[in-house]
Structures are given as C-alpha cells and as structure tokens.
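Colleague: I'd like to ask you about the structure that follows.
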Number of protein chains: 2
Amino acid sequence: MGIGDDAALLGRIQGKLVLSVDSAIEHTHFERDWLSPEALGARALHSAASDLAAMGAAAVAVLSALVLPADVGARELRALGKGQASAAKMLGCVVVGGNIARGRDWSVTTTVIGRAEAPIRRRGAQSGHELWLIGNVGLAAAGLRLLEMGQARARKKAFKLCLEAWRNPRAQLREGKLLVGRASAAIDISDGLAADAGHMARASGKRLVIDEVALDRTLAPELYEVAEFLRVTALDLALTGGEDYVLLATGPARRRPTFARRIGRVEDGAGVLLERRGGERMVLSGGFDHFAA
Amino acid sequence: MGIGDDAALLGRIQGKLVLSVDSAIEHTHFERDWLSPEALGARALHSAASDLAAMGAAAVAVLSALVLPADVGARELRALGKGQASAAKMLGCVVVGGNIARGRDWSVTTTVIGRAEAPIRRRGAQSGHELWLIGNVGLAAAGLRLLEMGQARARKKAFKLCLEAWRNPRAQLREGKLLVGRASAAIDISDGLAADAGHMARASGKRLVIDEVALDRTLAPELYEVAEFLRVTALDLALTGGEDYVLLATGPARRRPTFARRIGRVEDGAGVLLERRGGERMVLSGGFDHFAA
C-alpha cells in the first residue's frame, strides 16, 4: 500500500481478480450490544471474504469503509480496526485502506480483493455428482434468534456455541482453495442452505436433492438443544439459517475432500428437493416459508 | 463479471492494482432534496474515481454498496444505478457488482479498482518544480454552501454553475493519465486546496508556495458573484473548498501540460505558504481556519 496516498497501491496480482463487497448495518444486521467493536470488525471481514472462499480464491487485500455515529470514539474505532486486522491476518490478506465518515448508525462495508487461477463457479453442478457441505449450518441462525430474544449473555454451553457461531464466523478460504480441482460448483451459504442451493440449481440448470438423513448427521448436537428453546426444529434452522458462511459444493464422490460431508446429490431437472427419511420428496423453493407452506 | 456468482470475477489485470473507496452518507454529505438519485450515483462514482485520477491510474471496475431506507423504491434504485452506469461508462470502467442493504439513511459506498503502470505519488514534489492546478477550485464548495442555505433551486447562472459543480463533478482520469511522465507528484483536492497541498508538502518533505495572483487568475468569474452572496471571498472558497475533485500536481515547467495552470512552486522547506499580491507570505496550515487566525 502507498500509505498516505490517495488510493491504495497494491502492485501486480497473479491470476484472475475476484472482488466482493458486503455491508453490516446497525439495526439491520446487528445491534451494538450484540457484539464488541472488535468482533464487529472481524465478522464483517470474514463475511465479505466468504464470497471468495466459495470461488476457491485467495484474499489479497481489504478496503474498509466505516460509518460511525458521533458517540463512537477512538477506543471503539481502534478495537474495530484490531478485529479487522486480526481477521485479515488469519485469512492471509491485509487491510490496505479505507474511508471513515460520520452517520447516524454504525456500518462497516468491507471490500475484499482476491485472486484465483481457476475460480469455481456456482453454475458447474453435474448430474451424478454429490452435494457437499463444508462447515456447520444452523448455529449462527440460532445465535441470531437468541440475540433477537435478548439472550446476548446466555450461559448454557449450547447457547454460547450458537452465539459464538453468529459473532465469530470464519470465512473458509483454506477449504475453498482445496476445492479447486475437486468441486464442480460451489456457493457460500449466506441466505440459508435451501435458498443458496436454489441459486446453485438455477445457475447450473440442475436439480439438487438434499438427503435429510445425511444432512441431519452433520448437525451439531447443541443445535437440537437451542432449537427446542426457540420452538423450531434443528432441520428448519439448518435449511433456512444464513450467516454461517458455510460452503455448499458439488463434485464426484471420488474427489470429496475429508472436510466435506455428503448431504445429497445432483440430478437432471430443476429446483431443490428434500428427500425425507421415508423417501418422500418435498420441494424447497428458496427457503423455509415455502418449505413450511 | 461472473454474473450471479458470489463475487465478481474480473480476469487478469495489466499493471499495478490501485484501489479506492469512498462513501456518500445522507445527512453527513448530502440531503435527499439536494440531488436526484441518478446524480447521487454518478457523483459517488466520480468522487471515488478521483483518487485514482491523482495517481495517473485507469479505472477498471467498480463495486457499489448501497444502504437504502425503507421508503426508497425500485424506481429510485434504478435511477441511482443508471447514474452509476453512465458515470462508469464516461470513465471507461464498469460496475461489476455490489451489495444492497436496508438502513435508516441512504448511503452509497463506491469501491474503484484501477490499474497503473507508473503510478504518480503525492510524495514526489521536487524543489524548483511548478505547482499545477487541473480544474476549477471553489465552485463545488460554493454550491454546497448554497444547498445548505436552502438555495437548491437557485436560478441565477452563477448559482446554477456552482450547484452543478457540486452535484455533477467529473473525476479527471484522462488528465491524470496525461500527467504520467510529466508530474513529479499529484493529489486530488477533496479536503480543500490548502489542506491537500499540506498533505503533499508533508509527504514530499518540501514547501509549497501558492502564488495568489496566479491562483486568482484560474478562478471562474462566477465564483466571485456567489462568494459575494455567501459573504466570503472567492480566494477563501478556492483555498478551503473541497469536493471539486480538481487535481493538484507538481512538475518541471517544460513538462506542464496545456490543461494544467501554474499556481505556485515547490521550494526547500516545509508547509504551505500563500504569497500575497505584495509579496507578503502567509502560512496556510491545513485550511481556512488557520489561515484566518
């Protein structure tokens, strides 16, 4: 970076350039008492970098555009920057510049610049390939619901795990890179498994079949405990919960990496189906609301 | 761009990568009745691209992160996108992706990705070089003051020119590229001529001397008319007014391009001085407040 210059100067980049931007807005995505400024900075960066993970890209540089209310001081700003810097370090990139402005509500807009020699796309799913899940779905959605219910300081282990999943997600850049040459398609789950599987199915012109038994096997035991408290099923949280920044991919069985768990398969056709325990198939078209209807 | 993918996919970039991000926030930088959504989109893009102009970089791609209040509908969003797209086209780049979120106040955060073979820095000013101005300073600041005074629909030609300068600035990318090989240092004037000259002086370890007579010669006649109405001097507006997205550069006299106007010179020393008509020198350290004191 050209410190003190008008723009950040990065030098030459090997490979294709991959770009992603994401905003975290107070009152829309979070409330101030839900997480520390440090966690906010780190979370915003992982969330933006997750889009690159799904493409098998490496993160190179980050730009941060902050909006801070008048009552946010130098201490909170430093903490936020510290969270961004440590998240960047964990992901192998660096915050090279940004912008700070005053406004009524906090917001953190993070741009991640990455590179990929052979980016994975969401449109490459092929019939006969497996559907893979990389990471735990549902926990962050459960954590968010707990926060919305005023359970920010819950002490039960299962509750804390869910809160932590929402507060401190990790972009799976390493796993994403290891999918290159193995996966035929990939997407990050930000809108929920059912909805993002729908995006992949549509882009690929294929049908994705999620195997309930296989999906159920991937769920954390703690998710059941919190789901009961929330009066939803763990499966609902898994299918509709976003913000876990888990990766969904497709690929041939013989190429499945050890960190990926098979939760279904790709078929000719369209849409996303859930194959229940008894073999019955239900259409999941874009999220829980449709699933429940 | 990989339309519909998680991140925008750009391909390979020739030259060094240059990055810039800038936010326009409602109630901080603008009010809704000051400009149309289309002008807002275009203005935000030019403003972010101006940082690249100062480095002699070309703009390649743009990411747009929008925050929209609940009462902003599809029509305004389309208009804003249209403004962004036409500004991008004018600047030779393309909007490749973005993010839209709800929030209490409008905001437009624009990231511009550019490339430069030989970026100009703000730290290269050399003693004996001239100080060049590229563009008209003061008009946008006058326009902003008119807007703050409720003169959004002023009809006098001079007033309209100032309003237009604030509403529809143009990033001087073409001029910036033509400075490569001619200028020893460059910066875009976003904080005001005196303040940004201070940044350049500090980065270069030199003194910049602004020649009042020469600067005065560059000012638009309309600026005097509006300055009188605003009860400030045209020189104050020129020295302290930002948001014109004018370029300030230094270089040897024999290399001055036709579009650049000489307004001073670089000397050994530190700080920014204004050399008055009578030869008296005043220290301008960071803006009008200090200048006036």
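Colleague: List the accessible area buried at the contact between A and B, summed over both sides and calculated with a 1.4 Å probe, in Å² to the nearest 100. Present the calculation step by step, with values, prior to reporting the outcome.
Modeller: On the way: alone 13950 and 13950 Å², together 23750 Å².
Interface between A and B: roughly 4200 Å².
Colleague: Run through region A:256-285 and list the trypsin sites (Lys or Arg not before Pro) located in a DSSP loop whose Cβ has at most 11 other Cβ atoms within 10 Å. Can you show the working numbers first?
Modeller: On the way: sites: A:ARG261, A:ARG262, A:ARG265, A:ARG276, A:ARG277, A:ARG281; in loops: A:ARG276, A:ARG277.
Sparse-neighbourhood loop trypsin sites (Lys or Arg not before Pro): A:ARG277.
Colleague: Express in whole angstrom the spacing between the alpha-carbon centres of region B:106-121 and region A:18-97.
Modeller: Rounded to whole Å, the Cα centres lie 19 Å apart.
Colleague: Quick one: with all protein chains in place, what share of the accessible area of chain A is carbon or sulfur, to the nearest percent (1.4 Å probe)? Can you show the working numbers first?
Modeller: Numbers: 5740 of 11870 Å².
It is 48 percent, rounded to a whole number.
Colleague: With a probe of 1.4 Å, find how much accessible area the protein assembly as shown has per residue, and write the answer as a whole number in Å².
Modeller: On the way: 23750 Å² over 586 residues.
Per-residue value: 41 Å².
Colleague: As a test of the formula, what do you get for the protein assembly as shown when each DSSP H run with n ≥ 4 contributes -39,500 (n - 2.57) and the sum is divided by the residue count, at 222 nm and rounded to the nearest 500 deg cm²/dmol?
Modeller: On the way: 20 runs with 206 residues, N = 586.
Calculated mean residue ellipticity at 222 nm is -10500 deg cm²/dmol.
Colleague: Could you work out how far apart the two model spin labels at A:ARG281 and A:GLU117 are, taking each label as a point 7 Å from the Cα in the direction of the beta carbon, and quote it in nm?
Modeller: Once both label points are built, they end up 3.9 nm from each other.
Colleague: Which net charge results when you count Lys and Arg as +1 and Asp and Glu as -1 among the other residues whose beta-carbon is under 15 Å from that of A:GLU267?
Modeller: Numbers: positive: A:ARG202, A:LYS206, A:ARG207, A:ARG262, A:ARG265, A:ARG281; negative: A:GLU130, A:ASP211, A:ASP268, A:GLU275.
Residues near A:GLU267 contribute +2 overall.
Colleague: For A:111-121, what's the mean count of beta carbons from other chains sitting within 10 Å of each residue's beta carbon?
Modeller: On the way: counts 12, 3, 7, 2, 4, 2, 0, 0, 5, 2, 5.
Across A:111-121, the average partner-chain Cβ count within 10 Å equals 4.
Colleague: Report relative contact order for region B:171-293 in percent, whole number only (criteria: Cα-Cα under 8 Å, sequence separation at least 6). Show your work: numbers first, answer last.
Modeller: Numbers: 201 pairs, mean separation 51.0, N = 123.
For region B:171-293, the relative contact order is 41 percent.
Colleague: Quick one: what Rg and Dmax do you get for chain B from the alpha carbons, in Å?
Modeller: In order Rg, Dmax, the Cα atoms of chain B give 19.4, 64 Å.
Colleague: Could you compute the net charge surrounding A:ASN168? Neighbours are other residues with a C-beta less than 12 Å from the C-beta of A:ASN168; K and R count +1, D and E count -1.
Modeller: On the way: positive: A:ARG43, A:LYS160, A:ARG167, A:ARG170; negative: A:GLU38, A:GLU164, A:GLU243, A:ASP244.
Neighbourhood net charge equals 0.
Colleague: In a shell of Cβ-Cβ distance under 13 Å around B:THR111, excluding B:THR111 itself, what net charge do Lys and Arg (+1) and Asp and Glu (-1) give? Provide the component values of the computation, followed by the final result.
Modeller: Working: positive: none; negative: A:ASP22, B:ASP22, B:ASP51.
Once positives and negatives cancel, what remains is -3.
Colleague: Are there residues in region A:51-74 whose accessible area shrinks by at least 10 Å² when all protein chains are included rather than the chain by itself, and which are they (probe 1.4 Å, ligands and nucleic acids not counted)?
Modeller: Correct list: A:ASP51, A:MET55, A:LEU63, A:ALA65, A:VAL67.
Colleague: Same structure, new question: Ignoring everything but the protein chains, give the 1.4 Å probe accessible area of B:HIS46 in square angstrom, nearest 10.
Modeller: That residue has around 10 Å² of solvent-accessible surface.
Colleague: Among A:ALA249, A:ALA158, A:ALA238, whose Cα sits farthest toward the positive end of the charge dipole of region A:158-271 (+1 at Cβ of Lys/Arg, -1 at Cβ of Asp/Glu, about the Cα centre)?
Modeller: It is A:ALA249.
Colleague: What fraction of the DSSP beta bridges in the protein assembly as shown is antiparallel, stated in percent and rounded to the nearest 5? Present the calculation step by step, with values, prior to reporting the outcome.
Modeller: Numbers: 88 of 114 bridges.
Roughly 75 percent of the DSSP beta bridges within the protein assembly as shown come out antiparallel.
Colleague: How would region A:203-293 be classified by its alpha-carbon gyration tensor: rounded, prolate or oblate, with rounded meaning a/c under 1.5 and the a/b versus b/c comparison settling the rest?
Modeller: In terms of gyration-tensor shape, oblate.
The values are calculated or read from the model by the stated rules, or taken from the named source; none is laboratory data. Please read all numbers here as calculations on a predicted model, not as lab measurements. Here Cβ is always computed from backbone atoms with ideal geometry, including for glycine, and neighbour counts include all displayed protein chains. With ligands, DNA and RNA removed, areas are computed over all heavy atoms of the protein, side chains included. Shrake-Rupley method; radii C 1.70, N 1.55, O 1.52, S 1.80 Å.
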